[in-house]
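Any read-out appearing in this document is the output of simple, stated calculations on the displayed coordinates, not a laboratory observation. Fair warning: this is a prediction, and the values are worked out from it, not measured in the lab. Backbone-built Cβ (ideal geometry, glycine too); neighbour counts: all protein chains shown.
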Amino acid sequence: MHSLAHDVGDVLYAGLLYDQVWALALAINNAIELYNISMEDYSYDQYEVTDKIEESLSQVSFRGATGHIMFSRRREVSTPINIYQVNSYASEPHVPIGYYDSYHKTINITTNNLPTDEISTVVISIPSDVAIGLYVAVLSVAIIVTIILICLLYHRSKPPVKATSPFVSLLIFLGCYLALLNDLMRITYASFPHVISDILFVVFCNVSLPIFFNGCTFIFFTLLIKLMRVRKIFYNKKLSKYLSPFWSNKVIAMVVIMMTVFPNLVILSWMILDPYRKKSIITNNTDGPLLYNEKVNICKSSRLEFLFIFIFLYLFIIFVITIITSSRTRKIKHKDFKDTKKVNAFIYLYVLTFTFMACLIAFFDLMDMPIIAHYFAISFSLIIVCECVFILFLPKLISLLFNNEQSDVVNFL
């Protein structure tokens, strides 16, 4: 096998060279003792001395670095040459498995079972430059969301902001922040699998799902309640029902929070009984002469599919009811219900984004490219947050700033 660390041939050649130098030294020493030759009498032009040293090579026999060293009468190396299996990934990279008898010209295998190669394993992770780009994107979106939220809170006494209930809008912003937090966690454990410990990896896996679920619930269930209240206002000439305590902003916020209690209890119970665990998926890969394994660390539980089915059905029911309510209110043209059009635009755009991204994620999962699918999952969450904030709140903020500038100009004139 090809070595990634160094050329193994150099190591074996050094051992052979070491043994040959010692063989020559022993031959010279034997010739000195046998023929009473001194080193002062020796020179290269004294061929009889050289012949005597060469004859003494046949008497050389010792245990060297590469095995038993000896020479034939024809001064040829008759040493059994050890045969090694080279494995640069094992604790012992050179495993002797036999020897070559140069005198009889035979190969002898001294082991019944050849040691297996330990193929290197490469952990697939998000490249550092891509991870930095994702971090910058998530933090940039978080800063923009925070600026818009601060501006809306600053203008909370203005009629356009007050009519949409800042307290209820805070739940939507909370859902956006939870989605961004989930993205940061996904980027962290997918980019630095060697740095994060196994315990922290499991913690991220178990916390990420409830965070993502609550983020989606706060966004879509709040929009659903707001659309239901708008529909209630529009289809009742008398607003007595709307002005009742059931439709107050604080009660609506409490309803949204209470609707997350039961599924969170289910998720928490599930995490206690069947928590996520770190699991590695290993696939073989070849790159020219190299053979190595690719390992992807994922979160896995024994009954994960059932939990996903429960969460998907819960969110799907909320989403379907939101779409139905949105379709019932799309024809409202009253000036006091402009937010309904924005909600409808966000819902329809979300459906298109979800369909497109889900197809891409499923495609790359089928192609055994989980890291690429991870990119699109993070990108999908970022796009949803941008669509939510930019469609629902940014136009309102721009109109407020524009109206303030106009009023300042009028007052100045």
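For Tyr100 paired with Asp365, estimate the spin-label separation in nm (one decimal), with each label point 7 Å from Cα along the Cα-to-Cβ line.
Calculated label separation equals 5.4 nm.
Report the gain in length on full extension from Ile317 to Val255: 0.36 nm times residue separation, minus Cα-Cα distance, nm rounded to one decimal.
Values: separation 62, 0.36 × 62 = 22.32 nm, distance 1.63 nm.
Contour length minus Cα-Cα distance gives 20.7 nm.
Which residues in region 12-33 place their backbone N less than 16 Å from a point set 7 Å from the Cα of Thr50 along the Cα-to-Cβ direction?
28
Quote the FRET efficiency, to the nearest 0.05, computed for Ala25 versus Ile109 with a Förster distance R0 of 41 Å and r equal to the Cβ-Cβ distance. If you can, show how the numbers build up before the last one.
Numbers: r = 32 Å, r/R0 = 0.79.
It comes to 0.80.
Hey, can you rank 19-30, 349-360 by average C-beta count inside 10 Å, highest first? Walk me through the intermediate numbers first.
Numbers: 19-30: 16.0, 349-360: 14.0.
Highest to lowest by the protection proxy: 19-30, 349-360.
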